[in-house]
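Working notes, beginning with the structure itself.
What follows draws every value from the coordinates through simple rules; no lab data is involved. This one's a predicted model, so the numbers in the text were calculated from it and none came from an experiment. Cβ atoms come from the backbone with ideal geometry, glycine included; neighbour counts cover every protein chain shown.
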Amino acid sequence: MAGLLGETIDAAESLRIGLANRLVDEGDVLAVAVDLAARIAAQPPLAIRGARRAIEASWYSNPDDGFAMALDEQLRCLRSADFLEGVAAFVEGRTPRWQCR
């Protein structure tokens, strides 16, 4: 409720209520952000793009529309060449080579 009351929320409280998912030391912020960006960039672009579309749809519409968009994007990924590439890479123990940009 603190956010609705205009009260300041410190880092520990932000983590406790789920507003933040991780706390890092001030000197480590850039390194942690770069690492997170690299991890996201290594994921299939089609899936990342779909996740972003679904999240944005949920912001501007009702929850049902957001879930429908998420389902549509999930199906798009399952029908893609990248899905097959991800499975093959897993089975072969190698890094996937994403094709869908």
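The residues neighbouring G66, those whose beta-carbon lies less than 15 Å from its own, together hold a net charge of -3 under the Lys/Arg +1, Asp/Glu -1 convention. Dipole magnitude for the chain: computed about the Cα centre from +1 point charges on Lys and Arg Cβ and -1 point charges on Asp and Glu Cβ, it is near 580 debye. For the stretch 2-41, the square roots a ≥ b ≥ c of the C-alpha gyration tensor eigenvalues yield an a/c of 1.5 or more together with a/b exceeding b/c, which makes the shape prolate.
GNM on the chain, alpha-carbon springs under 10 angstrom: the most fluctuating residue among R16, R76, R53 is R16.
Helix content alone sets the calculated 222 nm mean residue ellipticity of the chain: runs of n ≥ 4 DSSP H residues at -39500 (n - 2.57) each, divided across all residues, give -19500 deg cm²/dmol. Footprinting exposure proxy ranking of W59, W98, fewest other C-beta atoms within 10 angstrom first, gives W59, W98.
The distance from the alpha carbon centre of the stretch 83-101 to that of the stretch 1-40 is 32 Å, rounded to a whole number.
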